[in-house]
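**Q** I have a structure I would like to understand better, so I am pasting it below and will then ask my questions one at a time.
The values are calculated or read from the model by the stated rules, or taken from the named source; none is laboratory data. All figures in this text were calculated on a predicted structure; none of them were measured in a lab. Because the Cβ atoms are built from the backbone with ideal geometry, glycine has one as well, and the counts that use them run over all protein chains shown.
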Amino acid sequence: MATNVKRKKKAEVMSEDGSMTLTGHLKELRNRLIICAAVFVVGVIGFLAISDKLIDLLTAMAMNANYTFVFLAPQEKLMQYFRVSLIAAVIVTIPVALYQIYAFAKPGLKRSESFFFRLVLVFGLALFCVGVLFAYKVTLPFMLNFLVTLEGTDYITASISIESYINLCLTMFIIFGCVFEMPLVTIILAKMGIANPEIMKKGRGVAIVLIFLIAAIITPPDIVSQCFVAVPMCLLYFVSIFLSGIFYKPKTDEDDEDDEEEEDSDAE
């Protein structure tokens, strides 16, 4: 009886040719979603326990610039502890979720695609972390010191809402994390034959204008913040031009034939 039940469950998951059925895929997807949800919940609980240290870490660079913080509503300070904990949990969950996506899609990927996906996953996460670290160690401290040292009346002191400060930090972290993905995206597009280095060189003037427009949209409404975001973006654009010159590979008919041969070998 038990053996028949096991066979029936196995038949629901695997078809006769050894491939996974729709029910099997749905069950696997459910299990991977449960893993992501569990990591997120554990992360929220864990980061709530150290939320005061996370806030201290974020405010340390502003305290060095003689900023003082206030909260403008009774619940504002408490909500920032919850907010920082939630965002930290999301950051920890993202790599787990990306790996679960890769593991779910891996059976349908070719060997070269699987290897390429792993490289993109590792280097993408590394570049995002470098961007966040750059914002924390370089951009934000420099910007905060610059803004507080602007000439003005002596009796005006820098007292800002903790909510607005956390908003600024998180915005800059997300922006720089995404901006530092530019070289990786360029390499991917260059290998696909899309990011042509010659076109990127000729269009650098237009690209710089677009970068400053994007920086004006995604940053707080002041020219200083815009420049602090736009200048690194311009530098990364020129790095991307250099990388595209190394990795650029125009798509040819031979590449299409190689792809077809690789698909046939995988099928065998």
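**Q** So, in segment 56-81, how many residues would count as being touching a residue at least 60 places away in the same chain (Cβ under 8 Å) and assigned to a helix (DSSP H, G or I)?
**A** Within segment 56-81, residues that are touching a residue at least 60 places away in the same chain (Cβ under 8 Å) and assigned to a helix (DSSP H, G or I) number 8.
**Q** Additional query: Does at least one position in segment 255-266 carry a residue that is small (G, A, S), surrounded by fewer than 15 Cβ atoms within 10 Å (Cβ to Cβ) and at pLDDT below 80?
**A** Yes, segment 255-266 contains at least one residue that is small (G, A, S), surrounded by fewer than 15 Cβ atoms within 10 Å (Cβ to Cβ) and at pLDDT below 80.
**Q** Here is a follow-up. Quick check on this structure: which one of I194, I199, I162, I166 is in the same structural domain as V224 (by TED's automatic domain parsing), modelled with pLDDT of 85 or more and of a type in the set (V, I, T)?
**A** Just a single option satisfies the conditions, and that option is I199.
**Q** Please work out which residue is farthest from L144 (Cα to Cα), limiting yourself to segment 50-86 and to residues that are of a type in the set (V, I, T) and surrounded by fewer than 16 Cβ atoms within 10 Å (Cβ to Cβ).
**A** The extreme case among them is I50.
**Q** Do we find a residue being closer than 17 Å to L170 by Cβ and of a type in the set (A, V, I, L, M, F, W, C) anywhere in segment 95-103?
**A** no
**Q** Do the conditions hold for I156, that is, is it assigned by TED's automatic domain parsing to the domain that holds D56 and either at pLDDT below 85 or surrounded by 15 or more Cβ atoms within 10 Å (Cβ to Cβ) (or both)?
**A** Here the answer is yes, as I156 does meet what is asked.
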